[in-house]
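Encoded as structure tokens, here's the structure I'll be asking about.
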Amino acid sequence: MIITKILKSIISLIKFVITLVIIAIVAIILVQRFSNNKMTVAGYRMFTVVTESMVPKYLVGDVLLVKEKDVSQIEVGEDVTYLGKIGSYADKIVTHQVIKIEKKEDGTLDFHTKGIANPSEDPIVNESQIYGVVLAKMQLITKLNGIINNMYGMYFLIIIPLAIIIFSEFKSFKEDKKSYDEDDDDDDDDEDEDEKDDDYDDYDEEEEKSDEDDEDQEDDKNEINKNHTQNEVDDEEYEDDYEYDDEDEDEYEDDE
């Protein structure tokens with residue numbers, strides 16, 4: 001019983017963590033899509049590699065997690081994601097490695113970047129163009145992304161398992177609700193039993209009180225009878241005394 005509860009708690013925790021991760025990923029994607037990459041979720045963005053300019057570090061299809069960072073803290077050797085503005089890079093999101101940083105007279109920074117597999121560096125990137133630095137390559141999301149892009153993989157590995165999970169969660173929710181309702185009914189029955197016991201106790205107390213009242217009445221009755229008997233005795237003694245007085249009076253007359 002205890003082991004079962006522990007396993008259920010662990011499974012619930014795992015489901016909760018997975019749900020949070022999925023919600024975070026979906027939130028990041030939706031915010032980026034609807035804001036055209038102008039907004040972030042807690043400073044995070046996700047991008048998918050579409051060229052081989054960073055091979056072998058990043059392959060086509062890899063999903064990168066990018067985090068906003070103060071441009072003054074970016075260092076040579078870090079990979080940055082930026083929005084291109086010149087030539088063939090215009091309006092394209094690029095992820096390349098920083099190879100040099102220059103500070104301009106106005107205090108802003110210019111970054112020299114280059115794809116690992118490219119023979120030449122990119123056009124100068126101003127600090128205002130930078131989205132952030134690459135924090136990690138998301139292996140699991142990358143694999144899921146490859147599956148999603150495949151129709152059969154999407155159907156058999158995403159839609160069907162997701163439907164099973166939703167169904168099982170719904171079923172589990174109904175069972176938990178039923179169990180909760182049964183527990184409530186049991187509690188109500190226990191409360192009713194307690195109330196009945198209390199009523200019985202009250203009834204017993206009233207019976208005991210009634211018996212005590214009856215005993216008091218019986219005592220009062222006995223006392224009355226006792227007093228009545230004493231009165232009769234007194235009356236008899238009085239009559240005896242009266243007769244004695246009569247006899248004395250007769251004797252007195254005889255003497256006369």
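Filter region 117-166 for residues that are of a type in the set (Phe, Trp, Tyr) and at pLDDT below 80; which is most open to solvent (accessible area, probe 1.4 Å)?
152
Table: residues versus (1) under 21 Å from residue 101 (Cβ atoms); (2) among the β-branched types (Val, Ile, Thr); (3) surrounded by fewer than 16 Cβ atoms within 10 Å (Cβ to Cβ).
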| residue | (1), (2), (3) |
| --- | --- |
| 2 | no, yes, yes |
| 17 | no, yes, yes |
| 24 | no, no, yes |
| 35 | no, no, yes |
| 55 | no, yes, yes |
| 84 | yes, no, no |
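List every residue pair whose Cβ atoms lie under 7 Å apart, where the two residues are 6 or more positions apart in sequence or sit on different chains, the first residue falls within region 4-33 and is under 22 Å from residue 48 (Cβ atoms) and at pLDDT below 75, and the second residue, located anywhere, is in a helix (DSSP H, G or I) and open to solvent by less than 90 Å² (accessible area, probe 1.4 Å).
25/141
From the list 79, 62, 70, 91, pick out the single residue that is open to solvent by 90 Å² or more (accessible area, probe 1.4 Å), modelled with pLDDT of 80 or more and either over 24 Å from residue 118 (Cβ atoms) or acidic (Asp, Glu) (or both).
Result of the check over 79, 62, 70, 91: 91.
Looking at 66, 31, 80, which one is closer than 25 Å to residue 127 by Cα and in a helix (DSSP H, G or I)?
31
Then there's this: Inside region 53-67, can you point out the residues that are of a type in the set (D, E, K, R) and in contact with a Leu (Cβ under 9 Å, 6 or more places away or on another chain)? Give the steps one after another, and end with the answer.
Our first condition is that a residue be of a type in the set (D, E, K, R); within region 53-67, this holds for 57, 62, 67.
Listed by number, the list holds a single entry, 67.
Further question on the same structure: Please enumerate the residues belonging to region 129-145 that are basic (Lys, Arg) and touching a Lys or Arg at 6+ places or on another chain (Cβ under 9 Å).
137
Looking at 53, 35, which one is touching a Gly at 6+ places or on another chain (Cβ under 6 Å), at negative phi and of a type in the set (S, T, N, Q)?
Details: 35 fails: touching a Gly at 6+ places or on another chain (Cβ under 6 Å).
So the residue among 53, 35 that is touching a Gly at 6+ places or on another chain (Cβ under 6 Å), at negative phi and of a type in the set (S, T, N, Q) is 53.
The values are calculated or read from the model by the stated rules, or taken from the named source; none is laboratory data. Just so you know, these numbers come straight off a predicted model, no measurement behind them. Cβ atoms come from the backbone with ideal geometry, glycine included; neighbour counts cover every protein chain shown. Note: accessible area is taken over every heavy atom of the protein model, side chains too, but ligands, DNA and RNA are not part of it. Shrake-Rupley method; radii C 1.70, N 1.55, O 1.52, S 1.80 Å.
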